[in-house]
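The next block holds one structure in the form of structure tokens; read it before the comments.
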Amino acid sequence: MRIAAGFAAAAVATIAFSGQASAAETASCSTTGARGSMGATYPTGDNWQYAEFKIALSVTDTAADGHHVAVRLLTKAIGTDAVTKWSWHSLLTGKGDTLTLSTTAQTSWGIWATGVEVARFEGDTKLNSCTDWS
């Protein structure tokens, strides 16, 4: 499954990666009612930023409150602090359940940082969220 990128910018602190070796990077956070994580395996080679990244996403519903939770990948392109917010993946089944998925991410403008956003929703309205960068 490939996640489609959306375009939105936000000022968020991040740690950049400059290595070329394949590396697994992780990010995780918790907010009221939800916790989640992201794992990214960075590609190898001279142009690693433009290659396909392997991504694992996870979100757990931690509250019996009638709200659903969701997780999405965040990336930053080379040469900018603009954040690309990828598609949400929702968990609708309730407290104690976890959604885990594997996918890939690749952009023509390159990826130099990966992160995660975890949120709790009422319908389409985001109630609260957290972010973390690998």
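The values are calculated or read from the model by the stated rules, or taken from the named source; none is laboratory data. Not measured: the values here are computed from a predicted model. Cβ sites come from the backbone with ideal geometry, for glycine too, and all protein chains shown count toward neighbours. For accessibility, only protein heavy atoms count, side chains too; no ligands or nucleic acids. Shrake-Rupley method; radii C 1.70, N 1.55, O 1.52, S 1.80 Å.
A few notes on this one:
- Kirkwood Rh (inverse of mean 1/r, distinct Cα pairs), the stretch 76-121, angstrom: 13.0 Å
- Using distinct alpha-carbon pairs, which all enter the 1/r mean, Kirkwood radius of the stretch 22-133 in Å: 14.3 Å
- Residues of the stretch 75-134: accessible area per residue with a 1.4 Å probe, Å²: 46 Å²
- Annotation: peptides 23-29, 44-50, 121-127, 57-63, ranked by per-residue average of other Cβ atoms within 10 Å with the highest first, follow the order 57-63, 23-29, 44-50, 121-127.
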